[in-house]
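The values are calculated or read from the model by the stated rules, or taken from the named source; none is laboratory data. Just so it is clear, the model here is predicted, and its values are computed rather than measured. All Cβ positions, even for glycine, are placed from backbone atoms using ideal geometry, and neighbour counts span all protein chains on display. Note: areas computed on protein heavy atoms with side chains; ligands, DNA, RNA excluded. Shrake-Rupley method; radii C 1.70, N 1.55, O 1.52, S 1.80 Å.
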Amino acid sequence: MMATGHLSSRFFEAAPKRVVANNQSTAELLIRLGLTDTMAGVAALYGETSEDIAEEFSRIPVLANGYVGKEVTLGANPDLIIGRGDLFADAEWGVGSVDELNSLGIRTYIFNTCKRGATVDALFQDIEELGKIFSVQDHALAFADSLHSRINHLTDTLSGVAPQLTYAYVSYSDGDLSVYSATSDTFQNDALNMINLDNAFKMQPVRSHWSSLSQPILMFY
């Protein structure tokens, strides 16, 4: 099949059998589509896995707890590398560029949710496309339906009840407060808008998604 998404069209003549996920959430999505046995590796682990899929997640080889490089990724002998678009880079922390990987016969899939301007609808596009690529349309439809039900429950519950609040993604390291502006992360902003949260720093310049802020400035926002 042909899946049209971020960067280019991707052609899949057969369902992939050895898949590397370049981050944890990608692997969790594949598990929920019934694809655990196709997983040849995962990287970028950053939190606890939901209890209902923890056992299956533990079966996936961990290539790196942080970001994984190209050499280790290729060592897993993948026929598909899938995940976040910014990790497809020819760098120490990247799995390799899309063009380079494709030239080696390794297919790539970058989530539509990574595209500038993406909304929550992009997630459902990814689920649908993955269902076709792996021939698991029934699993994909069931998972999409479950997400729609959860979204409808949240929006119905909060409609006319909770006031809109502003939020900031703040981290603390070596005495400095930093905030992730999420300027280009339109998917995250759209998802949080569903629960009446608005990103306080979404209008920060695109050139600086992470910026150090003093405590008074942060408190001002």
Worksheet item: Stokes-Einstein at 37 °C, 0.692 mPa s, Kirkwood radius from Cα pairs: D for the range 130-188 in µm² s⁻¹?
Response: 213
Item to complete: Please give the calculated 222 nm ellipticity per residue for the chain, where each DSSP H segment of at least 4 residues contributes -39500 (n - 2.57) and the sum is spread over every residue; nearest 500 deg cm²/dmol?
Response: -9500 deg cm²/dmol
Response to the item:
By accessible area (1.4 Å), largest first, ARG116, ARG18, ARG107 order as ARG116, ARG18, ARG107
Worksheet item: Relative contact order, percent, of the chain when contacts are C-alpha pairs under 8 Å separated by at least 6 residues?
Response: 16
Worksheet item: For the chain, what is the accessible area per residue in Å² when the probe is 1.4 Å?
Response: 55
Worksheet, complete the sentence: Taking Rh as the Kirkwood radius computed over alpha-carbon pairs of the chain and applying Stokes-Einstein at 10 °C with viscosity 1.306 mPa s, one gets a diffusion coefficient in µm² s⁻¹ of 84
Discussion item. If I stretch the segment between ILE151 and LYS17 completely, what's the gain in nm (0.36 nm per residue apart, minus their alpha carbon distance), one decimal?
Written reply: 45.1 nm
Worksheet item: What accessible surface, in Å², does a 1.4 Å probe find on TYR167, ignoring ligands, DNA and RNA and rounding to the nearest 10?
Response: 40
Worksheet entry | Within a Gaussian network of the chain (alpha carbon springs, distance under 10 Å), most fluctuating of VAL72, VAL98, VAL19 | VAL72
Worksheet item: Going 7 Å from the Cα of ALA168 toward and past its Cβ, which residues in the range 187-206 have a backbone nitrogen under 20 Å from where you end up?
Response: 188-190, 192-193, 196-206
Item to complete: Give me the percent of the accessible area of the chain that comes from carbon and sulfur atoms, probe 1.4 Å, all protein chains in place.
Response: 52
Discussion item. How big is the range 33-134 along each principal axis, measuring the range of its Cα positions in Å and listing the largest first?
Written reply: 33, 32, 24
Worksheet item: Just how far, in whole angstrom, is the range 10-76 from the range 99-163 if you go by their alpha carbon centroids?
Response: 16
Worksheet item: So, in nm, how far is label ASN193 from label VAL62 when the simple model puts each one 7 Å beyond its Cα toward the Cβ?
Response: 3.7
